[in-house]
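Participant: Please find one structure pasted underneath; my questions will follow.
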Amino acid sequence: MKNVYFISGLGADKRSFSFLDLSFCNPVFVDWIVPLHKETMADYAMRLRASIPETNPIIVGLSFGGMLVTEMAKADVNIKAVIVSSNKTASEFPFWLGLGKYFPVYKWVPSFFYNHCSIVTLWFLGAKGKEEKIVLRKIIADTDIHFTKWAIEAIMNWDNETIPPNIIHIHGTADKLLPYMFVKTDFTLTGSEHLMIMDKATEVSSILKRIIVG
């Protein structure tokens with residue numbers, strides 16, 4: 001059974017993948033490392049890649065984790081990269097997120113905000129079921145504020161426009177955070193939102209199995 005490495009989204013951890021059926025592989029959940037001051041996403045991705053011992057790994061990245069996996073795939077063609085609810089280039093961001101680079105209001109957001117899960121947050125990310133909401137609230141409550149602030153700035157300054165050939169993109173058509181209209185995907189889940197890895201776990205699990213096992 002193959003090892004498959006999973007990198008979670010911003011402010012999240014391995015609980016993000018807890019709804020998936022990963023019985024077809026040996027899942028290895030990659031832990032975050034402490035970012036360096038003003039470290040770029042590309043540099044952080046390379047340091048995180050060093051924590052994965054295999055020469056030809058399969059790496060699945062969720063949301064922000066997918067951006068990191070993109071940088072890893074650019075640097076190493078031996079990686080089989082899969083990204084879910086993510087984007088591969090800066091041009092795949094919606095224009096309103098890009099404004100954060102020039103108007104960095106996120107720098108003045110009170111710290112307590114990062115650990116608070118509101119009804120708006122649940123709606124925006126697409127958490128629908130009772131169990132999903134419980135898990136998401138716990139994940140957000142445990143968010144490392146220092147890491148989140150660094151990651152937001154790294155995202156705002158990410159300028160990649162290279163799409164590596166060794167990457168597969170899975171996305172939902174109803175994603176509010178990273179709208180489908182801006183991205184180019186290999187697998188599309190109609191009506192699925194940003195947290196389809198929870199809400200549409202059966203469908204996402206099936207696609208991952210097809211990609212990884214064949």
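The values are calculated or read from the model by the stated rules, or taken from the named source; none is laboratory data. Everything numeric in this text was worked out from a predicted model, so none of it was measured. Note that each Cβ is placed from the backbone with ideal geometry, even for glycine, and that neighbours are counted across all protein chains shown.
Participant: It is to be established whether one or more residues within region 151-166 are within 26 Å of Thr202 (Cα to Cα) and either in contact (Cβ under 8 Å) with a residue 60 or more places away in the chain or buried (at least 19 other Cβ atoms within 10 Å of the Cβ) (or both).
Facilitator: At the first step, the residues of region 151-166 found to be within 26 Å of Thr202 (Cα to Cα) are 166.
Now drop any that are not either in contact (Cβ under 8 Å) with a residue 60 or more places away in the chain or buried (at least 19 other Cβ atoms within 10 Å of the Cβ) (or both), which leaves 166.
Among the residues of region 151-166, at least one is within 26 Å of Thr202 (Cα to Cα) and either in contact (Cβ under 8 Å) with a residue 60 or more places away in the chain or buried (at least 19 other Cβ atoms within 10 Å of the Cβ) (or both), which makes the answer yes.
Participant: Please work out which residue is farthest from Asn3 (Cα to Cα), limiting yourself to region 24-59 and to residues that are within 18 Å of the chain's Cα centre (by Cα) and among the aromatic types (Phe, Trp, Tyr).
Facilitator: Tyr44
Participant: Would you mention how many residues in region 2-48 are in a helix (DSSP H, G or I), touching a residue at least 24 places away in the same chain (Cβ under 8 Å) and under 19 Å from Asn87 (Cα atoms)? Walk me through it before giving the result.
Facilitator: Of all residues in region 2-48, those in a helix (DSSP H, G or I) come to 14-17, 41-48.
In the following step, the residues that additionally are touching a residue at least 24 places away in the same chain (Cβ under 8 Å) were identified as 15-17, 41-42, 44-46, 48.
Checking the rest, the ones that are also under 19 Å from Asn87 (Cα atoms) come to 16-17, 41-42, 44-46, 48.
Residues in region 2-48 being in a helix (DSSP H, G or I), touching a residue at least 24 places away in the same chain (Cβ under 8 Å) and under 19 Å from Asn87 (Cα atoms): 8 in total.
Participant: Counting only residues that are over 23 Å from Asp13 (Cβ atoms) and within 15 Å of the chain's Cα centre (by Cα), which one in region 181-205 is surrounded by the most Cβ atoms within 10 Å (Cβ to Cβ)?
Facilitator: Val183
Participant: Here is a follow-up. Mind checking which residues of region 49-69 are touching a helix residue (DSSP H, G or I) at 6+ places or on another chain (Cβ under 9 Å), not in a strand (DSSP E or B) and not β-branched (Val, Ile, Thr)?
Facilitator: In the first step, residues of region 49-69 are kept if they are touching a helix residue (DSSP H, G or I) at 6+ places or on another chain (Cβ under 9 Å); the result is 49, 52, 57-65, 67-69.
Next cut, not in a strand (DSSP E or B) only: 49, 52, 57, 63-65, 67-69.
Answer for region 49-69, where residues must be touching a helix residue (DSSP H, G or I) at 6+ places or on another chain (Cβ under 9 Å), not in a strand (DSSP E or B) and not β-branched (Val, Ile, Thr): Arg49, Pro57, Ser63, Phe64, Gly65, Met67, Leu68.
Participant: Please work out which one of (1) buried (at least 21 other Cβ atoms within 10 Å of the Cβ); (2) touching a residue at least 60 places away in the same chain (Cβ under 8 Å); (3) of a type outside the set (A, V, I, L, M, F, W, C); (4) closer than 18 Å to Asn166 by Cβ is the condition Lys80 fails and give its number.
Facilitator: For Lys80, the exception is condition (1).
Participant: Given the structure, is Phe112 closer than 22 Å to Thr40 by Cβ, surrounded by fewer than 12 Cβ atoms within 10 Å (Cβ to Cβ) and at pLDDT below 75?
Facilitator: Values: closer than 22 Å to Thr40 by Cβ: no; surrounded by fewer than 12 Cβ atoms within 10 Å (Cβ to Cβ): yes; at pLDDT below 75: yes.
Considered against the rule, which asks whether it is closer than 22 Å to Thr40 by Cβ, surrounded by fewer than 12 Cβ atoms within 10 Å (Cβ to Cβ) and at pLDDT below 75, Phe112 comes out as no.
Participant: How many of the residues making up region 138-159 are of a type outside the set (Val, Ile, Thr), out of contact with any His (no Cβ under 9 Å at 6 or more places or on another chain) and either modelled with pLDDT of 95 or more or not in a loop (DSSP other than H, G, I, E, B) (or both)? Let's see the steps before the verdict.
Facilitator: To start, the set of residues in region 138-159 that are of a type outside the set (Val, Ile, Thr) comprises 138, 141-142, 144, 146-147, 149-151, 153-154, 156-159.
Among the residues that remain, those that are also out of contact with any His (no Cβ under 9 Å at 6 or more places or on another chain) are: 138, 142, 144, 146-147, 149, 151, 153-154, 156-159.
Okay, now just the ones that are also either modelled with pLDDT of 95 or more or not in a loop (DSSP other than H, G, I, E, B) (or both), so 138, 146-147, 149, 151, 153-154, 156.
Qualifying residue count for the region: 8.
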